[in-house]
Amino acid sequence: MNKENINKEPERTTGDLQSLAKSILPLAKAVLGKKGFVETDILTNWPDIIGEDLANFTSPVKIDFKPQQRLNGTLHLEVPSGAFALEVQHKEKIILQKINTYFGYNAVSGIRIIQNPNFQISTPRPPKKVEKLVTPEEENYIQELAEEIIRPDLKEILIKLGQSVFTDNNQKEKKKS
């Protein structure tokens with residue numbers, strides 16, 4: 001062995017391994033087709049993007065982009081009737097702002113309203129009721145910690161947070177036994 005080979009690190013090879021992106025990209029393109037990320041994300045996360053109130057009477061159908069572009073698209077939005085169409089038209093700037101804020105760039109610059117009398121208005125989901133598993137001792141402890149908080153709104157939030165933490169811990173303990 002000569003001195004050059006002793007100080008030299010062994011050469012790394014990847015064998016037949018490929019990068020994950022190289023493997024998944026063709027599959028993703030086949031699944032998403034021409035729609036791309038923006039349209040898929042709007043379809044799947046519509047209530048989170050726009051808010052429950054508007055999402056209850058609107059449904060994104062598609063986004064049209066100019067060829068070779070993925071910004072300043074036109075969102076095709078389905079509504080049940082003329083009254084809802086007027087509401088969407090009135091709130092168009094707010095809707096566009098919410099969408100573009102969600103994506104961080106001007107993904108959509110216009111809305112095309114489609115009236116569909118067969119459109120089903122969704123009813124708001126009732127809030128999920130969580131059973132509190134807080135012992136009286138834990139409740140007293142939480143109240144003592146929050147006692148000196150002056151702002152009532154902050155105090156209420158901190159108490160709920162404490163109850164949530166104890167509930168989570170108690171539920172984990174309950175599952176173990």
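Data overview
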quantity	calculated
The range 135-147 - phi-based ³J(HN,Hα) in whole Hz, Karplus 6.51/-1.76/1.60, Gly and Pro as x	6, x, 5, 5, 4, 4, 4, 4, 4, 5, 5, 8, 4
Contour excess over end-to-end distance, with Cα ends at Asn56 and Ile150 and 0.36 nm allotted per residue	30.0 nm
Distant-in-sequence amide H partners of Lys62 (H built 1.01 Å from N, under 5 Å)	His76
Probe 1.4 Å, protein heavy atoms only - accessible area per residue of the range 61-169 in square angstrom	74
Long-range amide H partners of Ile111 with built H, under 5 Å	Leu75
Backbone HN-Hα couplings from phi across the range 73-85 [Karplus 6.51/-1.76/1.60, Hz, Gly and Pro as x]	x, 10, 8, 8, 10, 8, 9, x, 7, x, 4, 5, 5
Relative intensity, log₁₀ I(q)/I(0), of the range 80-177 from a Debye sum that treats every alpha carbon as a point, q = 0.20 Å⁻¹	-0.98
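The values are calculated or read from the model by the stated rules, or taken from the named source; none is laboratory data. If you're wondering where the values come from, they're calculated on a predicted model, not measured in any experiment. Side chains included, ligands, DNA and RNA excluded: accessible areas come from the protein's heavy atoms. Shrake-Rupley method; radii C 1.70, N 1.55, O 1.52, S 1.80 Å.
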